[in-house]
Ligand SMILES: NC(=O)c1ccc[n+]([C@@H]2O[C@H](COP(=O)([O-])OP(=O)(O)OC[C@H]3O[C@@H](n4cnc5c(N)ncnc54)[C@H](OP(=O)(O)O)[C@@H]3O)[C@@H](O)[C@H]2O)c1
């Protein structure tokens, strides 16, 4: 299963403010222009951390207004958490898990079949998949704003080998979408990967 970290980020590398707000994203463009619906159609399994899931619980009414359900995904989703969290909607295909990402990735791959895995966020969870050699690509919609501080895009040091840029796409004035293929950690001399 190809596993992709697909997210929007500020120019200075934050995916949310320190108090988990992403309202700065919405004025930057229309989600319909980002291609996210096409991406999600290719996804067979999702993984996300507890803060990302908690954001969806907190915004269930808005999500229901926009998608017709407080839980917008039909694909199975694995939520990483150490605490009990409520199910977002009756019948939502959500698995609550903790610890090592490797067995979760295996379960995601089995569920996804020919489709790809989506690591929704946050950045450290994407880093855990990367550390395990299980993150293949990153698709980043870089918004034309800076936050100064917040929840990090990818709290790892990846220098050698660098990520390889596959494609760049302009989305209006608000976003540049960068599509990368990722090296395996330790696959090149001088690779540094620290949290
Ligand atoms: N800009 C965007 O497009 C975008 C995309 C995705 C997310 N976001 C936002 O970005 C923020 C991300 O928050 P975040 O950086 O705190 O990351 P997060 O991954 O959403 O949440 C981190 C939490 O997940 C749990 N967790 C992570 N790995 C785990 C593991 N291996 N085992 C068990 N639990 C684990 C822990 O929660 P506990 O131990 O407390 O249970 C940890 O504190 C959210 O506000 C989200 O809404 C933005």
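All of the numbers you see were taken from the coordinates with simple rules; none came from a lab. Bear in mind the structure is a predicted one, so any value in this text is a computation, not a measurement. We place every Cβ from the backbone using ideal geometry, glycine too, and count neighbours over all the protein chains shown.
What number, rounded to the nearest 500 deg cm²/dmol, is the helix-based mean residue ellipticity at 222 nm of the chain, given -39500 (n - 2.57) per DSSP H run of at least four residues and division by all its residues?
Value at 222 nm, helices only: -6500 deg cm²/dmol.
Using 7 Å Cα-to-Cβ label points, what is the residue 40/residue 62 separation (nm, one decimal)?
For residue 40 paired with residue 62, the spin-label model returns 1.4 nm.
Fewest to most neighbouring Cβ within 10 Å: what's the order for 55, 71?
Fewest-to-most Cβ neighbours within 10 Å comes out as 55, 71.
Normalised radius of gyration for segment 1-57, please: alpha carbon Rg relative to 2.2 N^0.38 Å, two decimal places.
Working it through for segment 1-57, the quotient is 1.23.
What ranking do 42-50, 145-153, 62-70 get when scored by the average of other Cβ atoms within 10 Å per residue, highest first?
Ranking the peptides 42-50, 145-153, 62-70 by packing returns 42-50, 145-153, 62-70.
Need the C-alpha centroid separation for segment 96-172 versus segment 1-36, integer Å.
Rounded to whole Å, the Cα centres lie 12 Å apart.
Would you kindly state how much longer the chain becomes between residue 18 and residue 179 on full extension, computed as 0.36 nm times their sequence separation minus their alpha carbon distance, in nm to one decimal?
Taking 0.36 nm per residue and subtracting the Cα distance, the gain is 55.4 nm.
Within segment 1-26, find all residues whose amide N lies under 19 Å from a label point positioned 7 Å from the Cα of residue 114 along Cα-to-beta-carbon.
Answer for this model: 1-4.
Over the chain, calculate the relative contact order: mean separation of alpha carbon pairs under 8 Å at least 6 apart, over the residue count, as a percent.
Reported relative contact order: 32 percent.
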